[in-house]
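Inspection log for the structure reproduced underneath, given as structure tokens.
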Amino acid sequence: FFKRMLDIAFVLFVITALWWVLLGSWLAVILTSKGPGIFPQKRIGKNGAVFTCYKFRTMTQGTKEAGTHELTQDNVTRVGRFLRKTKIDELPQIWNILKNEISLVGARPCLPKQRSLIDARARRGVLDEIGGITGWAQIHDVDMSDPGRITELDAEYYLLRTIALDINIILATAIGRGQ
């Protein structure tokens, strides 16, 4: 209950206090590169369900669908570099939070093509839980290029999960820790 209330409070904060950041970011994306401002991408959520995750587009139009660790910085737009560094590119996921597809904190949902990660997460019970915009693995600088290690940290998070830990992960993300 408290985790969901934290999620809803975050959504309300973004909508009421940061609406101008959402609008400005969307405009910056569409005015500086070809393509839409919002990028929809299929991700694997709770119980292995596929859902559409929304982010500000940070890549050039036509970039192949792959994990961030599989792409070069040449694919990232100038505005996209700023949005990624500040984590602003993640803000459109408030829609996913409202739909209860993800939480603010949890295992970062992966792409359907990342089979080894999906299989590892299924074995460790990580897919039994709702994913998140940021997580324990991200603030420990572990990305999806290491399915074993990220799954280990994701499973550890769900064992240790408390509101206090979530707040610490949120604060660590906000000050720029992690990937």
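Data for the structure
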| read-out | value |
| --- | --- |
| Whichever residue in the stretch 16-41 is open to solvent by less than 30 Å² (accessible area, probe 1.4 Å) and under 18 Å from the mean Cα position of the chain (by Cα) and, among such residues, is farthest from Lys87 (Cα to Cα) | Gln41 |
| Any hit, the stretch 139-152, residues being modelled with pLDDT under 95, of a type in the set (Gly, Ala, Ser), surrounded by fewer than 21 Cβ atoms within 10 Å (Cβ to Cβ) and over 30 Å from Ala17 (Cβ atoms) | yes |
| Yes/no for Lys46 being open to solvent by 30 Å² or more (accessible area, probe 1.4 Å), modelled with pLDDT of 95 or more and in contact with an Asp or Glu (Cβ under 8 Å, 6 or more places away or on another chain) | yes |
| Test: residue in the stretch 53-69 that is free of Cβ contacts under 8 Å to residues at least 24 places away in the same chain, out of contact with any helix residue (DSSP H, G or I) (no Cβ under 8 Å at 6 or more places or on another chain) and over 22 Å from Leu153 (Cβ atoms) | yes |
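The values are calculated or read from the model by the stated rules, or taken from the named source; none is laboratory data. In this text, all values refer to a predicted model and were calculated from it rather than measured experimentally. Heads up, the Cβs are rebuilt from the backbone with ideal geometry, glycines too, and the neighbour counts pull from every protein chain shown. For the accessible areas, the whole protein counts, side chains as well, though only heavy atoms, and no ligand, DNA or RNA atoms are used. Shrake-Rupley method; radii C 1.70, N 1.55, O 1.52, S 1.80 Å.
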